[in-house]
Amino acid sequence: MPIDWFPLWLSLRVAAISTALAFAIGIALAWLLANRDFKGKEWLDAAITLPLVLPPTVLGYYLLVLLGRESLPGKVYEAVFGVPLVFTWQAAVVAALFHSLPLLVKSARAALESVDRSYERAARTLGASEWKLFWRVTVPIARRSILAATALAFARSLGDFGVTLMLAGNIPGRTQTVAVAIYDAVESGNGAAARALVIAVSAIAMILLALANRWNPSPFAPKQAGT
């Protein structure tokens, strides 16, 4: 029986899009948490971290309620695109985003907080705006840790199972990601397909982890040297 590689390609596409979104949103949130003090900061940090500790089925249920056809966001999406969001590959992107975003935010925040503030003060004295300061000084210094966090976020998006299954479903050729396909292959006794997909995902994950370790030996506790 030929092996269906569609779930792997779909998972790679979902992971790429969700990681790009997580990077854009996560860097902004990480900067906010690392550089600003405001009322409710601890609650925002807790809300961002919550998906890391919630069971995937609980997070999936929340997203189903939030994005279902009867919810306001669900109705707006369906009115704009003409189809419901749930049980589509786009829903898999949302599931992967919520599962990977906390990891990127926590790691990027640690990286930004470890930057030597003397470089930022020097840039301010030279007239740099906050926007230019962030992108020309802070991010280049913390780039290795941020790249490592991004690689880990991609790997986490690639392997999501529970949230994706609840929000996107398991429709072969449409929403079946590699993690769900492996589960199906094992349940149906298709050991060859399961082994092939497991080996492929493991190889990709190993490459991502090697890149993360190369960029930053300790992505969860980065130490920026200003180089």
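For segment 111-130, the count of residues that are within 16 Å of Gly26 (Cβ to Cβ), in contact with a Leu (Cβ under 7 Å, 6 or more places away or on another chain) and not acidic (Asp, Glu) is zero.
Filtering segment 129-162 to residues that are among the small types (Gly, Ala, Ser) and either at pLDDT 80 or above or touching a helix residue (DSSP H, G or I) at 6+ places or on another chain (Cβ under 7 Å) (or both) leaves Ala142, Ser145, Ala148, Ala149, Ala151, Ala153, Ala155, Ser157, Gly159, Gly162. Select, from Glu42, Glu70, the only residue that is assigned to a helix (DSSP H, G or I) and not aromatic (Phe, Trp, Tyr). Answer to the check: Glu42.
Checked against the criterion of being assigned to a loop (DSSP other than H, G, I, E, B) and polar (S, T, N, Q), segment 86-106 has at least one qualifying residue.
The requirement of being assigned to a helix (DSSP H, G or I), modelled with pLDDT under 90 and among the basic types (Lys, Arg) is satisfied by Arg214.
To keep it simple, each residue is scored yes or no on (1) among the basic types (Lys, Arg); (2) surrounded by 15 or more Cβ atoms within 10 Å (Cβ to Cβ); (3) outside any helix (DSSP H, G or I).
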{"residue": "Ile3", "(1), (2), (3)": "no, yes, yes"}
{"residue": "Trp9", "(1), (2), (3)": "no, no, no"}
{"residue": "Leu12", "(1), (2), (3)": "no, yes, no"}
{"residue": "Ile17", "(1), (2), (3)": "no, yes, no"}
{"residue": "Phe23", "(1), (2), (3)": "no, yes, no"}
{"residue": "Gly26", "(1), (2), (3)": "no, yes, no"}
{"residue": "Trp31", "(1), (2), (3)": "no, yes, no"}
{"residue": "Ala34", "(1), (2), (3)": "no, yes, no"}
{"residue": "Phe38", "(1), (2), (3)": "no, no, yes"}
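The set of residues in segment 187-217 that are surrounded by 14 or more Cβ atoms within 10 Å (Cβ to Cβ), farther than 28 Å from Ala148 by Cα and of a type in the set (A, V, I, L, M) comprises Ala193, Ala194.
Do the conditions hold for Gly74, that is, is it more than 19 Å from the chain's Cα centre (by Cα), buried (at least 16 other Cβ atoms within 10 Å of the Cβ) and either modelled with pLDDT of 90 or more or β-branched (Val, Ile, Thr) (or both)? For Gly74, the condition - more than 19 Å from the chain's Cα centre (by Cα), buried (at least 16 other Cβ atoms within 10 Å of the Cβ) and either modelled with pLDDT of 90 or more or β-branched (Val, Ile, Thr) (or both) - is met.
Of the set (1) surrounded by fewer than 18 Cβ atoms within 10 Å (Cβ to Cβ); (2) closer than 24 Å to Ala24 by Cβ; (3) touching a residue at least 40 places away in the same chain (Cβ under 8 Å); (4) of a type outside the set (D, E, K, R), all apply to Ile171 but (2).
Scanning segment 116-127 for residues that are without any contact (Cβ under 8 Å) to a residue 12 or more places away in the chain and outside any helix (DSSP H, G or I) gives Leu126, Gly127. Residue count for segment 128-155 under the criterion of being without any contact (Cβ under 8 Å) to a residue 12 or more places away in the chain and either surrounded by 23 or more Cβ atoms within 10 Å (Cβ to Cβ) or not hydrophobic (A, V, I, L, M, F, W, C) (or both): the result is 5. Selection of segment 163-187 for residues being part of a helix (DSSP H, G or I), hydroxyl-bearing (Ser, Thr, Tyr) and either modelled with pLDDT under 90 or more than 17 Å from the chain's Cα centre (by Cα) (or both) yields only Tyr183. Ile182 fulfils the conditions (1) surrounded by fewer than 13 Cβ atoms within 10 Å (Cβ to Cβ); (2) under 24 Å from Thr88 (Cβ atoms); (3) touching a residue at least 12 places away in the same chain (Cβ under 8 Å); (4) not hydroxyl-bearing (Ser, Thr, Tyr) except for a single criterion, (1).
The values are calculated or read from the model by the stated rules, or taken from the named source; none is laboratory data. All values reported here derive from a predicted model rather than from experimental measurement. Reconstructed Cβ throughout: ideal geometry from the backbone, glycine too, with neighbour counts over all protein chains shown.
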